[in-house]
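Report on the following structure.
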């Protein structure tokens, strides 16, 4: 195994297998994955900060087996911060916090292409700082139908005095984040609220929306997965790569762009590849910054 | 080898005591299926049903009764049953040794392995080897999960195996199963012996596989590729639509939205 030691922020990280194509089809190597995360760091780090990371590792590339890792690998360097969080069997586990560039690159070097984080920070695991609508299309529906649902959702939320922010999932769907950033927010509330919204959407757009989990009901519809609003669930972090054939990114979009893309009618045009994600972030700034700071209160609950 | 025993204690006779664990020797090869509701794929649960009152009976309302005659029962409590259960025991006491050839397989019920615990390895090996050489088995009484079993401890390829045996009253008599005795001529006997002799082989169970299991496995693999699995709804979805205030507000907003379109 080839290794090179790099110095970042006064820490030395040993990077391995740089030349390995983790995305074999475009020949996108581990060095390029690290370069992507290095360049997007300023934008992604605030969204990862103090959140218990779930690693999704693809040691042999995106077309080979992967594994989830909620525990911070025991061999982690001392400078990777960790937090005690509740694991799957309600037992405490030690999770990685990606609070620095070094930690981000160390995690990327573990071939954790995808970075999944909870909606709450490790210090306040029961306080979601956003509510999420995870829009998941059931074939033959595509991201186009998701965009239609997202645009209806946007109007519904705005009439309730709430702002939402969309991003691509980097796979087939869209995520709409509703920032809360309030200490009195609870997962009970976000779950009830998002579920009630999903149910009313299904009622009014029965051919487009489904609020229930059952897969066979999803055919041709968009499943609004409200159940992601849970302390035990994680979402793909904004700006994270996805392990698909191409290195697509879960990338924030402007509502206007979503409207435009929706009119264009080509599902492929929604996908944002790594280089485009960097170019956009550098030109437009972090379209998701409001998610971190905007304070909103859920009404009627 | 780290094994999960279902019982641990000692196996003993005269002055010998060997600490052992009892572990399963076979795992059922059957592929099992869950029963699902074909409407929403919910896995189904079994409930006790009272046909008279046409309602589900809760666990606290269920008791046992011994049927004396049709519709006549003798109720019996768990405590009463427990009072006649054998005492738990940490020993498998071998009471006699027998010749394995004398045990008809009809008596064999369920096989287990005995695994030596720390300190018991040497005596274990010795017992296994001597029993193998002499084709002997130890008969013992063994209490497992509130039942007392008659068991045979024998040697199988260097390991001690334990078979629970059927009690003799459980084995149904073979009377009347075989045809009445009659004359068999020597020529017929010879022919039969010859045909059997031609087909003799060493016992090699590895040659045979559970064909149905293989086919079911193949079928499952194929289906896994062809279709996405169905998913049961989560329990939470059975609840109401949400807080009434919120639902009312959402409905109003939705109406306005549709009107302004």
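The values are calculated or read from the model by the stated rules, or taken from the named source; none is laboratory data. Since we're looking at a predicted model, the values are computed, not measured. Cβ atoms come from the backbone with ideal geometry, glycine included; neighbour counts cover every protein chain shown.
For the stretch A:272-301, a residue qualifies if it is buried (at least 16 other Cβ atoms within 10 Å of the Cβ) and within 14 Å of another protein chain (Cβ to nearest Cβ), and the qualifying residues are A:298, A:301. One residue is enough: does the stretch B:186-195 have a residue meeting the conditions more than 14 Å from chain A (Cβ to nearest Cβ), closer than 30 Å to residue B:44 by Cα and without any contact (Cβ under 8 Å) to a residue 12 or more places away in the chain? No - not one qualifying residue is present in the stretch B:186-195.
Can you tell me which residue is nearest to the other protein chains (Cβ to nearest Cβ) among those in the stretch A:155-171 that are in contact (Cβ under 8 Å) with a residue 40 or more places away in the chain and within 26 Å of residue A:244 (Cβ to Cβ)? Looking at residues that are in contact (Cβ under 8 Å) with a residue 40 or more places away in the chain and within 26 Å of residue A:244 (Cβ to Cβ), I get A:171. Could you list all residues from the stretch A:8-41 that are in contact with a strand residue (DSSP E or B) (Cβ under 8 Å, 6 or more places away or on another chain), loosely packed, with under 13 Cβ neighbours inside 10 Å and closer than 24 Å to residue A:100 by Cβ? Of everything in the stretch A:8-41, those that are in contact with a strand residue (DSSP E or B) (Cβ under 8 Å, 6 or more places away or on another chain), loosely packed, with under 13 Cβ neighbours inside 10 Å and closer than 24 Å to residue A:100 by Cβ turn out to be A:12, A:14. Answer with yes or no whether residue B:241 is in contact (Cβ under 8 Å) with a residue 12 or more places away in the chain and at the interface with chain A (Cβ under 8 Å from one of its Cβ atoms). Criteria not met by residue B:241. Selection of the stretch A:201-223 for residues being in contact (Cβ under 8 Å) with a residue 40 or more places away in the chain and within 7 Å of another protein chain (Cβ to nearest Cβ) yields only A:215. Only strands (runs of 3 or more DSSP E) whose full extent lies in the stretch A:62-154 are considered here, and the ones with at least 1 residues that are farther than 20 Å from residue A:47 by Cα are A:67-69, A:82-86, A:92-97, A:130-137.
Considering each residue of the stretch B:18-29, count those that are out of contact with any helix residue (DSSP H, G or I) (no Cβ under 7 Å at 6 or more places or on another chain) and exposed (fewer than 15 other Cβ atoms within 10 Å of the Cβ), and give that number. Looking only at that region, the number is 4. Could you tell me whether residue A:188 is surrounded by fewer than 20 Cβ atoms within 10 Å (Cβ to Cβ), away from chain B (no Cβ under 14 Å) and free of Cβ contacts under 8 Å to residues at least 40 places away in the same chain? So residue A:188 fails the test. Count of the stretch A:280-301 residues, restricted to those that are in contact (Cβ under 8 Å) with a residue 60 or more places away in the chain and not in a loop (DSSP other than H, G, I, E, B), is 6.
As for the stretch B:116-123, it holds at least one residue that is assigned to a strand (DSSP E or B) and at pLDDT 90 or above. Determine whether residue A:262 is over 30 Å from residue A:41 (Cβ atoms) and touching a helix residue (DSSP H, G or I) at 6+ places or on another chain (Cβ under 8 Å). In short, yes. Here residue A:81 fits the description: closer than 30 Å to residue A:232 by Cβ and surrounded by 15 or more Cβ atoms within 10 Å (Cβ to Cβ).
The test for being buried (at least 24 other Cβ atoms within 10 Å of the Cβ), in contact (Cβ under 8 Å) with a residue 12 or more places away in the chain and within 14 Å of chain B (Cβ to nearest Cβ) holds for residue A:149.
Looking at this structure, is residue B:246 in contact with a helix residue (DSSP H, G or I) (Cβ under 6 Å, 6 or more places away or on another chain) and surrounded by 11 or more Cβ atoms within 10 Å (Cβ to Cβ)? Yes: the conditions hold for residue B:246.
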